[in-house]
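The values are calculated or read from the model by the stated rules, or taken from the named source; none is laboratory data. All of these numbers come straight from a predicted model, not from anything done at the bench. FYI the Cβ positions are ideal-geometry reconstructions off the backbone, even for glycines, and counts take in every protein chain you see. These area figures cover heavy atoms from the full protein model, side chains too; ligands, DNA and RNA do not enter into them. Shrake-Rupley method; radii C 1.70, N 1.55, O 1.52, S 1.80 Å.
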Amino acid sequence: MPVIHTHVSVKTTKEQREALKSIYGQAITAVPGKSESWLMCPFEDEMPIYFAGDDAPAAYIEVNVFGNKVDRSAWEKLTAEIMQGLHDVLGINEDRTYIRYTATLDWGWNGSNF
């Protein structure tokens, strides 16, 4: 049950969101046991984001997974792939992107909790 929630300051098109969704679907496999088949990808664009005192294009990404711990090397690989995708698809530089990772055992779906 991974979620990659994308907040960006730039406008996105359906095609760009589809491209990122595909990149994320491949990238999430860096986390053992995770795949695109359970991946949720909400997108919020044109969000005012100020970073380092200005409003140049920026991104804040939240990655949440069901589980109690994820090896740091998986997060490192995921970071590289997400940031490359944001740069390639939206032109957002890596030094203007934050990614926040969380793993939790408290996860609800389909009327109950895992």
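Things to note:
- For the stretch 85-112 versus the stretch 32-48, the spacing of their alpha-carbon centroids is 6 Å.
- Checking every one of the trypsin sites (Lys or Arg not before Pro) in the stretch 41-114 against DSSP loop status and a limit of 14 other Cβ atoms within 10 Å picks out Lys69.
- Its DSSP H runs of at least 4 residues, each contributing -39,500 (n - 2.57), put the calculated 222 nm mean residue ellipticity of the chain at -9500 deg cm²/dmol, to the nearest 500.
- Solvent exposure of the stretch 25-87 amounts to 58 Å² per residue of accessible area, where only protein heavy atoms count and the probe is 1.4 Å.
- Here's the picture: a label point sits 7 Å out from the Cα of Ala19 along the beta-carbon direction, and within the stretch 79-107 the residues with their amide nitrogen under 11 Å of it are 85-92.
- Expressed as a whole percent, the accessible surface of the stretch 2-107 that belongs to carbon and sulfur atoms is 51, based on a 1.4 Å probe.
- The packing ranking of peptides 82-88, 10-16, highest mean first, is 82-88, 10-16, where packing means the average number of other beta carbon atoms within 10 angstrom of each residue.
- Peptides 39-45, 106-112 ranked from most to least packed by the mean count of surrounding Cβ atoms within 10 Å: 39-45, 106-112.
- Only the Cβ atoms of Lys and Arg (+1) and of Asp and Glu (-1) were treated as charged; on that basis the dipole of the stretch 18-114 about its Cα centre amounts to roughly 500 debye.
- Ordering Val89, Phe51, Ala103 by the projection of their Cα atoms onto the charge dipole of the stretch 39-114, which places +1 on the Cβ of Lys and Arg and -1 on the Cβ of Asp and Glu, puts Ala103 at the extreme positive end.
- Axis angle, to the nearest 10 degrees, between helix 72-90 and the longest C-alpha principal axis of the chain: 40 degrees.
- Relative contact order (%) - the stretch 2-107, alpha-carbon pairs under 8 angstrom, separation at least six: 36 percent
- Lysines with Cα under 23 Å of Lys11, excluding same-chain neighbours fewer than 8 positions away: Lys21
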